[in-house]
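S.K.: What follows is a single structure, and I will ask about it in a moment.
The values are calculated or read from the model by the stated rules, or taken from the named source; none is laboratory data. All values derive from a computational prediction rather than experimental measurement. Reconstructed Cβ throughout: ideal geometry from the backbone, glycine too, with neighbour counts over all protein chains shown. Keep in mind that these areas ignore ligands, DNA and RNA; they rest on the heavy atoms of the full protein, side chains included. Shrake-Rupley method; radii C 1.70, N 1.55, O 1.52, S 1.80 Å.
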Amino acid sequence: MEIELEEIERQLRGAKGVPSADKLIKYLRLMRDLRIRDSPTVARYGNILLRHFKSHLSEEELWTVHEQVAFAALDSHALQFAASVIQAINRRFPESVRAKRLQGMYYEAVGDYTHAEGIYRDLLGQDPANEMILKRMVALERSRGNVNAAIEALRKYLDTFANDKEGWEELAELYLEVQNYRQAAFCYEELLMHVPGNSSYYVRYADILYTTGGPTNYKTARSYYAKAIELTAGGSLRALFGVLACSAHITDKVALQDARSRAQIELPEVTSQALLRIYKQHAPDKLPFVEPILAKLLSGHGQGI
């Protein structure tokens with residue numbers, strides 16, 4: 001489908017005058033099916049289709065295209081065009097929740113947050129568990145710059161839709177904005193339960209623990225960085241540097257009686273060598289900057305025996 005989309009895009013770009021209805025319809029269908037976000041282009045071709053070729057669309061697809069184009073116009077801040085498309089949708093579906101959501105999003109886009117909130121609260125009064133509208137309340141508070149209210153709105157959403165990993169990621173981001181590291185860490189603990197094989201979650205969770213600081217957090221962070229290294233077969237630079245940074249803060253004396261203790265002692269040196277190999281292979285020009293950093297991190301490592 002991606003190859004087909006590329007060919008259609010090439011034909012549309014090369015069209016002289018108004019492109020054909022078939023190509024415009026195919027392009028918008030592929031963009032919907034592949035869930036690709038290119039709002040300015042969707043809005044432009046959607047505008048041409050709706051102005052010149054409405055009769056080529058079935059009733060169902062006509063309004064699907066209206067909705068698709070309305071979202072694209074809002075996203076690309078073509079507000080006058082968005083308003084005209086949304087008005088058409090509202091005239092056709094005056095009681096539709098999706099139409100009212102689009103109206104609320106238009107008010108958000110023009111900065112009329114009071115009107116937008118009124119629409120969303122009315123809709124939530126009819127259906128308190130409406131996923132789309134609960135998400136819009138989060139976006140609304142973020143647009144207002146009210147991070148604490150956005151956190152509360154997102155927590156309310158996740159009370160019902162606890163398996164939404166993007167929701168947990170966003171909540172972690174909001175907690176980090178207000179420097180609530182404990183709650184941000186909790187969000188990544190949830191994400192690690194949902195997707196235990198995602199190396200980026202291990203790195204982000206370790207980053208939060210490292211930022212929080214303290215001997216226990218440094219040790220736990222190091223273990224999560226190490227897991228990310230394992231999952232990426234040594235390909236995560238951030239995790240490799242994370243291991244070194246944590247080790248530089250861990251000054252516990254350890255004995256050599258067991259393999260685990262020996263591994264803890266050897267880990268910083270092994271990690272440093274892995275980083276040097278990567279930079280030598282992929283970015284040798286950066287070695288003069290990297291080598292002193294690695295040396296400093298290694299010198300700070302408490303390797304007491």
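S.K.: So what's the net charge close to Thr232: Lys and Arg +1, Asp and Glu -1, counting the other residues with Cβ under 14 Å from its Cβ?
M.R.: Details: positive: Arg204, Lys227, Arg238; negative: Glu230.
Surrounding charge for Thr232 is +2.
S.K.: Put +1 on the Cβ of every Lys and Arg and -1 on every Asp and Glu Cβ in the chain; which of Met1, Phe93, Pro19 then has its Cα farthest towards the positive end of the dipole?
M.R.: The one lying farthest along the dipole's positive direction is Pro19.
S.K.: Between Asn198 and Glu7, what is the spin-label point distance in nm, taking each point 7 Å from the Cα along the Cα→C-beta axis?
M.R.: 3.6 nm
S.K.: So if each residue of separation counts as 0.36 nm, and I subtract the Cα-Cα distance between Ala274 and Asp112, what length gain in nm does that give? Could you put the intermediate results ahead of the total?
M.R.: On the way: separation 162, 0.36 × 162 = 58.32 nm, distance 5.33 nm.
Going from the current span to full extension adds 53.0 nm.
S.K.: On to the next question. Let's see if you can work this out: charge +1 on each Lys and Arg Cβ, -1 on each Asp and Glu Cβ, no other charges. What is the dipole magnitude of the chain about its Cα centre, in debye to the nearest 20? List each step's numbers first, then the result.
M.R.: Working: 38 positive and 39 negative charges, 105 e Å.
Rounded to the nearest 20 debye, it is 500 debye.
S.K.: Check each of the GluC sites (Glu not before Pro) in segment 14-106 and keep only those in coil by DSSP with at most 15 other C-beta atoms within 10 angstrom; list them in order.
M.R.: Taking segment 14-106 and a limit of 15 other Cβ atoms within 10 Å, the loop GluC sites (Glu not before Pro) found are Glu95.
S.K.: Could you tell me what percent of the accessible area of segment 103-178 is made up of carbon and sulfur, with a 1.4 Å probe and every protein chain present?
M.R.: Answer for segment 103-178: carbon and sulfur cover 45 percent of the accessible area.
S.K.: Let me ask something else about it. Relative contact order of segment 37-168: what whole-number percent is it, with Cα pairs under 8 angstrom and at least 6 residues apart? Kindly include the intermediate steps, with their values, before the conclusion.
M.R.: On the way: 118 pairs, mean separation 19.4, N = 132.
Relative CO of segment 37-168 lands at 15 percent.
S.K.: In a shell of Cβ-Cβ distance under 12 Å around Val290, excluding Val290 itself, what net charge do Lys and Arg (+1) and Asp and Glu (-1) give?
M.R.: Values: positive: Arg277, Lys280, Lys286, Lys296; negative: Asp285, Glu291.
With Lys, Arg at +1 and Asp, Glu at -1, the neighbours total +2.
S.K.: If packing is taken as the average count of other Cβ atoms within 10 Å, what order do 16-25, 152-161 fall into, highest mean first?
M.R.: On the way: 16-25: 14.4, 152-161: 16.7.
Per-residue mean Cβ counts within 10 Å order the peptides as 152-161, 16-25.
S.K.: How high is the FRET efficiency between His282 and Val178 when r is their beta carbon distance and R₀ equals 30 Å, given to the nearest 0.05? Before the final figure, lay out each step's value.
M.R.: Details: r = 37 Å, r/R0 = 1.23.
It comes out at approximately 0.20.
S.K.: Next question, about the same structure. Would you tally the net charge around Asn130, using a Cβ to Cβ cut-off of less than 10 Å, leaving Asn130 out, and scoring K and R as +1, D and E as -1?
M.R.: Details: positive: Arg101, Lys135, Arg136; negative: Asp127, Glu131.
Net charge around Asn130: +1.
S.K.: Express the relative contact order of the chain as a whole percentage, based on alpha carbon pairs under 8 Å and six or more residues apart in sequence.
M.R.: Computed value for the chain: 8 percent relative contact order.
S.K.: Please count, across the chain, the pairs of lysine residues with Cα atoms under 15 Å apart that sit 8 or more places apart or on different chains. Show your work: numbers first, answer last.
M.R.: Numbers: Lys23/Lys54; Lys26/Lys54; Lys100/Lys135; Lys135/Lys156; Lys135/Lys165; Lys156/Lys165; Lys219/Lys227; Lys219/Lys253.
Lysine pairs, 8 or more places apart or on different chains, close enough: 8.
S.K.: Further, regarding this structure: At a 1.4 Å probe radius, carbon and sulfur cover how many percent of the accessible area of segment 1-80? Don't skip to the end; give the middle numbers.
M.R.: Details: 2280 of 4740 Å².
Roughly 48 percent, rounded to a whole number.
S.K.: Using the alpha-carbon centroid of each, what span in Å lies between segment 59-104 and segment 161-183?
M.R.: Going from one Cα centre to the other spans 30 Å.
S.K.: Taking a label point 7 Å from the Cα of Lys156 along the Cα→Cβ vector, which residues of segment 107-134 have an amide N closer than 16 Å to it?
M.R.: 114-134
S.K.: Further, regarding this structure: When only the heavy atoms of the protein chains count and the probe is 1.4 Å, how do His77, His66, His249 rank by accessible area, highest first? Spell out each step's value before the answer.
M.R.: Values: His77 115, His66 10, His249 85 Å².
From most accessible down to least: His77, His249, His66.
S.K.: Now, a different point. So how far apart, in nm, are the two label points at Leu79 and Arg98 if each is 7 Å from Cα heading toward Cβ?
M.R.: 2.6 nm
S.K.: Ala129 to Arg91: extension gain in nm, 0.36 nm per residue of separation minus the Cα-Cα distance?
M.R.: 11.1 nm
S.K.: Might you tell me the accessible area per residue for the chain, computed with a 1.4 Å probe and given in Å²? Write down the numbers at each step before the final one.
M.R.: Working: 16770 Å² over 305 residues.
Computed with neighbouring chains in place, this is 55 Å² per residue.
S.K.: Separate question: Compute the relative contact order of segment 1-92 as a whole-number percentage, counting only Cα pairs closer than 8 Å that sit 6 or more residues apart in sequence. Display every interim value, and only then the final one.
M.R.: Values: 66 pairs, mean separation 22.7, N = 92.
In percent, rounded to a whole number, it is 25.
S.K.: Moving on to the next point. Given (i) 23.1; (ii) 21.0; (iii) 39.1 as candidate values of mean projected area of the Cα convex hull in nm², which corresponds to the one derived from the coordinates?
M.R.: This structure yields the entry labelled (ii).
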